[in-house]
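The values are calculated or read from the model by the stated rules, or taken from the named source; none is laboratory data. Please read all numbers here as calculations on a predicted model, not as lab measurements. Here the Cβ is made from the backbone with ideal geometry for all residues, glycine too, and neighbour counts use every protein chain on show.
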Amino acid sequence: MPQEFRLILKHTDEPGYTPDIECYLHHGGYETLKKALAIQPRDLSDGKKMSAQEQIREDVKISGLRGRGGAGFSCGLKWSFVDRRSGKPIYLICNADESEPGTFKDRQIIHKDPHQLIEGMIISCFANDVHLAYIYIRGEMPEGAKLLNKALAEARAKNFLGKNILGSGYDLEIHVHRGAGAYICGEETGLIESLEGKRAYPRIKPPYFPAVLGLYMCPTIVNNVETLCAVKHIVAMGAVEYARLGTPNNTGTRIVSLSGHVKRPGYFEIEVGKVTIGQLINDPAFGGGLRDGRKLKAVIPGGSSAKVFKAGEKFKLKRKGPDGKDVEQEVDMLDLPYDFDSLIAAGSMSGSSAIIVMDDSTDIVEALANIAEFYAHESCGQCTPCREGSLWMSKALHRLTHGEGRKQDADYLVKIADNIPGGRTICAFGEACSWPVQSFVGKFKDEFVAKGVADEERRAKEGKGAVPMHGMKIAACPQH
Ligand SMILES: Cc1cc2nc3c(=O)[nH]c(=O)nc-3n(C[C@H](O)[C@H](O)[C@H](O)COP(=O)(O)O)c2cc1C
Ligand code: SF4
């Protein structure tokens, strides 16, 4: 029977566990920081020495840790791109914007165990020669910001932060910055602009790779809350031990946010790839199954941007056979291991590790209309394909869900969605707003066409003409 594996959330829901520093210290808190600061330079075979900082960075690489914010990029590799020769200060930003619909994992850490994040950040900052760091927290999480500020004050009072931390000679300050209340503030370069006091317009890459030209045009590391917590555990247990958790290339643990039509929605920490999507939905240790009498219709596996899976969908995945060679196997959607690579191989992604479950009571057109409205509202507007395309898709879906659909709307939607991503936009929001439309319409086309046909027939009976392609009237929608 698959079970949760609680590493980061080990203590969070224990009775009596509080976000206070005394409680954290009582549970071994900040011991890993002491361990990190005490690491001695290691002699290398070529006579050179490897500093404590280099050893931690190397360990993060060996651990195989992949970012938990969305893209699943190697954390060690990201750190290795940091320009350490520029002579400029290096900054670290913890991305606590957590705005991908369906995702509610980072806030559990912030609300219930803020010192774990702070310890992970101090170790990560030490490893990267950072002396000033920020926690960029979603604007709509005021309680989280309050808790973090209190925790930072407690850490300062115990000299885990500030000048000459624990007599090590290392100085670090961390500030909390409250976000500007927009989804795009979570995109790392938009976040940096916002932190600099400007509108969160994402920057174009190249040249603005944060590792080289980030905050105040200085080298900057942006990592997710959960990623930075994992660093603490890598140093505590050792990189090799950490890499034993999970599966090859998908190491460690991940906190999954499970929502929608399951009996037990919530957050669950698992070893990456050791639990399948079906187990997360149906097992009593996780979602506990669908509501009584209902059948599964669809699953969004990685936050609202991820391409939807249809119940019963099958995928061809490469697996290791008994002789160690790769063999192709047909796998049902429910049997996909919940990891980075399997979901990419199945044409979607684990993204922010947020699973949204939809049973057969779901109106799939309504569901997509809801998602599309979100993206149309959140586009920052810099790129024409994203700004106009996200709005056109939302308008077409609004019509379809308000009795003004057309038979050809399904094709119209896919045509727009196909022309937004693929290097036409500054940031990955272009993909994020197109993937739901491409996959929902691609996999449930009959439902979109049926709605359009029904609307056209009804309008014809009422003696009303066809809804024009443009100039759609959307009087009921306050946003458009
Ligand atoms: C539109 C958009 C929104 C994003 N929102 C978030 C977010 O809320 N939290 C987050 O950690 N990463 C978010 N990301 C990913 C960040 O840009 C960045 O890759 C991440 O913070 C890196 O951290 P990691 O390497 O630890 O995953 C978003 C990306 C895009 C394109
Ligand atoms: S893709 Fe969209 S959100 Fe990203 S910069 Fe362009 S307009 Fe803004």
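Observations on the model:
- For D335: the one exception among (1) buried (at least 24 other Cβ atoms within 10 Å of the Cβ); (2) in contact with a strand residue (DSSP E or B) (Cβ under 9 Å, 6 or more places away or on another chain): (1)
- As for region 101-117, it holds at least one residue that is within 16 Å of ligand 2 (Cβ to nearest atom) and in contact (Cβ under 8 Å) with a residue 24 or more places away in the chain.
- In region 412-424, the residues that are of a type in the set (G, A, S) reach residues that are away from ligand 2 (no atom under 13 Å from the Cβ) with C-beta atoms within less than 6 angstrom, at least six apart or across chains, in these pairs: A417/V437; A417/Q438.
- The condition (being closer than 27 Å to K445 by Cα and acidic (D, E)) is satisfied by just one residue among E313, E271, E328: E313.
- Selection count where residues are closer than 16 Å to A450 by Cβ, hydroxyl-bearing (S, T, Y) and assigned to a helix (DSSP H, G or I), scope region 378-430: 1
Yes/no per residue for (1) within 17 Å of Q382 (Cα to Cα); (2) within 13 Å of ligand 1 (Cβ to nearest atom):
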site: G423; (1), (2): yes, no
site: F429; (1), (2): yes, yes
site: Q438; (1), (2): no, no
site: K445; (1), (2): no, no
site: A450; (1), (2): no, no
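- Being assigned to a loop (DSSP other than H, G, I, E, B) and within 16 Å of ligand 2 (Cβ to nearest atom) is a description that applies to G70.
- Scanning region 205-245 for residues that are assigned to a loop (DSSP other than H, G, I, E, B), more than 21 Å from the chain's Cα centre (by Cα) and more than 16 Å from ligand 2 (Cβ to nearest atom) turns up V212, L213, C218, P219, G238.
- In this structure, D360 qualifies as surrounded by fewer than 15 Cβ atoms within 10 Å (Cβ to Cβ) and modelled with pLDDT of 95 or more.
- Top-ranked residue in region 190-204 [being touching a residue at least 60 places away in the same chain (Cβ under 8 Å) and surrounded by 21 or more Cβ atoms within 10 Å (Cβ to Cβ); ranked as nearest to ligand 2 (Cβ to nearest atom)]: P202
- Matching option when the condition is within 21 Å of P301 (Cβ to Cβ), among the aliphatic types (A, V, I, L, M), within 14 Å of ligand 2 (Cβ to nearest atom) and surrounded by 15 or more Cβ atoms within 10 Å (Cβ to Cβ), among A376, A417: A417
- Here Y375 meets the list (1) within 16 Å of ligand 1 (Cβ to nearest atom); (2) more than 18 Å from G186 (Cα to Cα) almost entirely, failing just condition (2).
- Qualifying positions in region 342-357 - in contact with a Phe, Trp or Tyr (Cβ under 7 Å, 6 or more places away or on another chain) and buried (at least 23 other Cβ atoms within 10 Å of the Cβ): S348, S350
- Residue in region 176-189 that is at pLDDT 95 or above, away from ligand 2 (no atom under 16 Å from the Cβ) and over 19 Å from the mean Cα position of the chain (by Cα) present: yes
- Every residue from region 378-392 that is closer than 23 Å to I356 by Cα and either more than 16 Å from ligand 1 (Cβ to nearest atom) or without any contact (Cβ under 8 Å) to a residue 12 or more places away in the chain (or both): none
- Where V256 falls short, out of the listed (1) buried (at least 24 other Cβ atoms within 10 Å of the Cβ); (2) more than 16 Å from the chain's Cα centre (by Cα); (3) not acidic (D, E): (2)
- For region 308-332, taking the residues that are in contact (Cβ under 8 Å) with a residue 24 or more places away in the chain and outside any strand (DSSP E or B), the one that is surrounded by the fewest Cβ atoms within 10 Å (Cβ to Cβ) is identified as E313.
- Flag for F440 being crowded, with 23+ Cβ neighbours inside 10 Å and touching a helix residue (DSSP H, G or I) at 6+ places or on another chain (Cβ under 7 Å): yes
- Taking region 34-60 as the range and being closer than 21 Å to F160 by Cα and of a type in the set (V, I, T) as the test, the residues that pass are I39, I56.
- With respect to the conditions (1) in contact with a helix residue (DSSP H, G or I) (Cβ under 6 Å, 6 or more places away or on another chain); (2) under 30 Å from H111 (Cβ atoms), L9 falls short on a single one, namely (1).
- P207 being crowded, with 20+ Cβ neighbours inside 10 Å and either under 27 Å from A182 (Cβ atoms) or in contact with an Asp or Glu (Cβ under 7 Å, 6 or more places away or on another chain) (or both): no
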